[in-house]
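The values are calculated or read from the model by the stated rules, or taken from the named source; none is laboratory data. In this text, all values refer to a predicted model and were calculated from it rather than measured experimentally. For neighbour counting, all protein chains shown are included, and Cβ atoms are generated from backbone atoms with ideal geometry for every residue, glycine included.
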């Protein structure tokens, strides 16, 4: 088990990780690695033009300490989904061994599921791989499931206190994770599988 609080136990092999953005401050990636975490999702972009001010710093640091890194885009349902995909893909300097890109869909809006699907489809066209889809358990079921069936997409689902009812590859189980050497709480995640399985979701 990693040196992570709170910790959880799942059946079968598991890897632990976290997800971060500039609001988490100066995250010391060596502390994350030394705590036994295996991967980190890093916010890259939002909407049509925004780039997280710490994205490139976090991106380089994660690679330097041996964490498997992934980048995510915070989807704006009111903005052009194709333009958002282009902004995201052209911001992230993907390298072999990085996780596929992730699309964070948690803000409601008109035709949010259909628009998110168009964004995801464009990311696939540009990168050759479907993005992971992040959402809460309830939002996924209500707004996204018909567009991103669980048996066809790499799902990263948030639900605190209980495992998601949605079958997913990654469960975000807390927004209050603590790691020695990181002075603030982090969103913490568990991947249902071993390193070999996680690498199948990498480019």
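Residues in region 44-62 that are farther than 22 Å from residue 76 by Cβ and crowded, with 16+ Cβ neighbours inside 10 Å: 61, 62.
Here is the figure for region 1-55: residues that are touching a helix residue (DSSP H, G or I) at 6+ places or on another chain (Cβ under 6 Å) and without any contact (Cβ under 8 Å) to a residue 40 or more places away in the chain total 7. Which of the residues that make up region 101-152 are surrounded by fewer than 15 Cβ atoms within 10 Å (Cβ to Cβ) and within 17 Å of residue 165 (Cβ to Cβ)? Passing the criteria: 138, 142, 146, 149, 151. Of the strands (runs of 3 or more DSSP E) lying entirely inside region 28-144, not one contains at least 3 residues that are out of contact with any strand residue (DSSP E or B) (no Cβ under 7 Å at 6 or more places or on another chain) and more than 17 Å from residue 191 (Cα to Cα). Of everything in region 159-185 that is at pLDDT 95 or above and touching a helix residue (DSSP H, G or I) at 6+ places or on another chain (Cβ under 7 Å), the residue that is nearest to residue 29 (Cα to Cα) is 159.
Any residue at all in region 173-189 that's in a helix (DSSP H, G or I) and under 20 Å from residue 100 (Cβ atoms)? Within region 173-189, none of the residues are in a helix (DSSP H, G or I) and under 20 Å from residue 100 (Cβ atoms).
Look at (1) in contact (Cβ under 8 Å) with a residue 40 or more places away in the chain; (2) more than 14 Å from the chain's Cα centre (by Cα); (3) under 24 Å from residue 193 (Cβ atoms); (4) surrounded by 16 or more Cβ atoms within 10 Å (Cβ to Cβ) and you find that residue 98 fails only one, number (2). Of the residues making up region 164-192, those that are more than 16 Å from the chain's Cα centre (by Cα), surrounded by fewer than 22 Cβ atoms within 10 Å (Cβ to Cβ) and in contact (Cβ under 8 Å) with a residue 40 or more places away in the chain are 176, 178, 180, 181, 182, 183, 184.
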